[in-house]
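Below is one structure, written out as structure tokens, with a few remarks after it.
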Amino acid sequence: NAVAPGKILTGKGGRAVEPRWLDYSHTRTPWPRLGTPEDVANAALFLASDEATFLTGHNLFVDGGWMAA
């Protein structure tokens, strides 16, 4: 199994996120916000939990719907 994060706001990127890109991305995704490190951690914890024991070979997108849009 794998976790595939989308745009995650960590504050450690080399460049600031441009406001016009944020406006564009917020209109193109079902969940109009950037992800957080906690979003990614929660997905990883789920995959490592007993709740996911029957998942095999799954790529869990943590991207607010970007791949679906």
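Derivation of every value follows stated rules applied to the coordinates shown; laboratory data play no part. Because the structure is a prediction, the values reported are computed rather than measured. Here the Cβ is made from the backbone with ideal geometry for all residues, glycine too, and neighbour counts use every protein chain on show.
Once label points are set 7 Å from the Cα along Cα→Cβ at both Lys12 and Thr56, what is their separation, rounded to one decimal in nm?
Calculated label separation equals 3.5 nm.
Go through the stretch 26-37 residue by residue and turn each phi into a ³J(HN,Hα) via Karplus (6.51, -1.76, 1.60, θ = phi - 60°); whole Hz please, and just put x for glycine and proline.
5, 8, 9, 10, x, 10, x, 7, 7, x, 10, x
Of [x] 53; [y] 34; [z] 38, which one was derived for percent of Cα pairs over 16 Å apart from the structure shown?
Only one option fits the structure, namely [x].
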